[in-house]
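Have a look at the structure below before the remarks.
The values are calculated or read from the model by the stated rules, or taken from the named source; none is laboratory data. Keep in mind it's a predicted model, so treat the numbers as computed, not measured. FYI the Cβ positions are ideal-geometry reconstructions off the backbone, even for glycines, and counts take in every protein chain you see. Only protein heavy atoms, including side chains, enter the accessible area calculation; ligands, DNA and RNA are left aside. Shrake-Rupley method; radii C 1.70, N 1.55, O 1.52, S 1.80 Å.
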Amino acid sequence: MKNLKGLVLFFFSLCAFATCSSSNKEETADASEDPFVTVTGKVQYPQKGTITISEISDVGASGWSDTITLNPDSTFSKRVPVKEPGYYRISFYNTQVVNLILYKSNVEVHVDGRNANGFSEVKGSPEIDFIIKANQMMNDIQQSPEFAKLNSDFEAARQVGDQAKMQTLQAEYFEIMNTKQKEVATWVKQQPASLGVINFLSGNSLDKDSFFDVYASVADKLKKEWSNYHHAKVFIDMVEKQKATSIGQVAPDINLPNPEGKIIPLSSLRGKYVLVDFWAKWCGPCRQENPNVVRVYNKYKDKGFTVYGVSLDRSKEDWVKAIKDDGLTWTHVSDLKYWQSEAAQQYNITGIPFSLLLDPKGVIIAKNLRGGALDKKLAEIFND
């Protein structure tokens with residue numbers, strides 16, 4: 001029987017681990033007739049202490065909880081009240097933890113019981129089975145021979161300082177990644193409403209910008225079928241916020257001060273193509289990308305292109321020093337509030353570097369163009 005370790009369930013702001021395996025489905029309970037599912041299983045090495053099962057909210061707090069009694073033959077059976085899809089956690093003697101998604105299906109859980117990283121498997125959970133398969137598809141992409149060769153060639157170019165080659169390889173990487181992820185995206189869109197699908201997409205496994213249609217499709221399905229369920233509402237709200245900064249929308253205005261304290265609205269740059277670049281001194285990938293942005297800025301600044309840098313730094317000294325050290329001669333703004341930055345909240349920023357390319361009317365025409373991709377896009381725009 002296959003034992004898969006390292007499965008991650010993204011409980012939105014809570015991130016926890018579980019170990020489990022895919023197997024045949026158990027009998028499905030009809031929630032309309034009996035709002036309970038039964039969790040059964042066996043502990044290989046029972047220990048002294050307590051076995052507990054708890055519902056986990058999206059902020060990590062526990063909801064419903066109860067103890068599980070082990071039978072003399074080390075098996076157990078517990079009826080769990082499940083009115084809507086939810087995350088649950090079974091703790092075996094405060095040593096081994098298994099995370100579950102419960103809804104309509106009865107589930108089996110088998111564990112070692114004496115070791116935090118010991119054997120565990122989950123049988124009968126369509127949601128867990130989906131997550132395992134989806135994660136495996138993503139892992140297969142990263143472990144493909146073509147990606148291995150790209151990584152090898154990139155490292156060779158990096159060692160000799162061949163920036164042009166590195167940019168070319170980076171562009172190839174993103175192109176191949178996008179093509180292969182489309183296969184995963186097509187499959188995900190075909191799935192029924194499921195907390196497993198919500199979980200997978202909430203973990204940023206598929207880029208929200210490149211595959212916004214998948215997120216929107218799932219959100220629409222949830223509105224029709226799961227409109228009253230909490231986790232569905234959270235996902236739908238996330239997608240609605242994302243729509244405000246999706247390609248084709250006018251970018252929300254930003255009104256933050258520059259290093260001299262003067263408010264510089266993003267809208268004041270209308271009439272030019274603008275790269276809105278979220279970055280910070282402490283962000284290594286941002287600093288690595290800066291030379292490319294500098295090169296592109298110098299190449300196209302006289303043709304109607306500029307950059308609007310939004311820093312998520314906390315210290316003005318750090319911010320100004322990084323601007324100087326990296327030779328960033330464009331417009332810069334920041335409220336020095338780190339992830340609580342007004343602009344970061346407005347644009348739903350969860351990671352940097354993050355960038356948007358705006359047309360002269362302020363409409364978002366591309367997102368997260370890095371390396372040679374930004375140069376290629378601007379070359380198309382300016383017929384260079």
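Our coupling estimate for the stretch 167-173, obtained by passing each phi through the Karplus curve with A = 6.51, B = -1.76, C = 1.60 and θ = phi - 60°, is 5, 5, 5, 5, 5, 4, 4 Hz, Gly and Pro reported as x. Restricting the GluC sites (Glu not before Pro) of the stretch 236-305 to loop positions (DSSP other than H, G, I, E, B) with no more than 12 neighbouring Cβ atoms within 10 Å leaves GLU260.
Checking the a/c ratio against 1.5 first, then a/b against b/c, what shape does the Cα gyration tensor give for the stretch 166-268? Oblate, since a/c reaches 1.5 and b/c is not below a/b. Note down the net charge around HIS110, summing +1 for each Lys or Arg and -1 for each Asp or Glu among other residues with Cβ under 10 Å from its Cβ. It works out to a net charge of -1. The amide H of ILE51, built 1.01 Å from its N in the peptide plane, has ILE68, TYR93 as neighbours under 5 Å, considering only residues 5 or more places off or on other chains. Please grab the % of Cα pairs in the stretch 69-121 that end up more than 13 Å from each other. Looking at the stretch 69-121, the distances longer than 13 Å represent 63 percent of pairs. Under a 5 Å amide H cut-off, with hydrogens placed 1.01 Å from N, ILE254 pairs with LEU266, SER267 among residues at least 5 apart or on other chains.
Using only the Cα atoms of the stretch 112-161, build the gyration tensor, take square roots of its eigenvalues as a ≥ b ≥ c, and label the shape rounded, prolate or oblate: rounded if a/c is under 1.5, else prolate if a/b is larger than b/c, else oblate. Oblate is the answer for the stretch 112-161, as a/c is 1.5 or above yet b/c matches or exceeds a/b. Scan (1) 24.4, 103; (2) 24.5, 80; (3) 19.5, 63 for the value of Rg and Dmax of the Cα atoms in Å calculated from this model and give just the label. Comparing each candidate, only (2) matches the computed number. Taking Lys and Arg as +1 and Asp and Glu as -1, the other residues whose beta-carbon sits under 13 Å from that of GLU183 total +3. Quick check: at a probe of 1.4 Å, how many percent of the accessible area of the chain sits on carbon and sulfur atoms? After summing per-atom areas, the C and S share lands at 48 percent. Each residue of the stretch 251-256 was assigned a 3J(HN,Hα) from its phi angle through the Karplus expression (A = 6.51, B = -1.76, C = 1.60, θ = phi - 60°), giving 4, x, 5, 10, 10, 10 Hz with x at Gly and Pro. Given +1 at the Cβ of Lys and Arg, -1 at the Cβ of Asp and Glu and no other charges, the dipole of the chain around its Cα centre is 520 debye to the nearest 20. Taking amide H as placed 1.01 Å from N in the peptide plane, VAL37 has its amide H under 5 Å from the amide H of VAL80, VAL82, each at least 5 places away in sequence or on another chain. Among the chymotrypsin sites (Phe, Trp or Tyr not before Pro) within the stretch 180-243, not one is in coil by DSSP while having at most 10 neighbouring Cβ atoms inside 10 Å. Relative to the longest principal axis of the Cα atoms of the chain, the long axis of helix 212-225 lies at roughly 40 degrees.
Our coupling estimate for the stretch 102-115, obtained by passing each phi through the Karplus curve with A = 6.51, B = -1.76, C = 1.60 and θ = phi - 60°, is 10, 8, 10, 8, 5, 10, 10, 10, 10, 9, 5, x, 10, 9 Hz, Gly and Pro reported as x. Per residue, the chain exposes 48 Å² of solvent-accessible protein surface, assessed with a 1.4 angstrom probe and all protein chains in place.
For the chain, relative contact order (Cα pairs under 8 Å, six or more residues apart, normalised by length) works out to 13 percent. Using the rule -39500 (n - 2.57) for each DSSP H run of four or more residues, divided by the residues of the chain, the 222 nm mean residue ellipticity is -11500 deg cm²/dmol.
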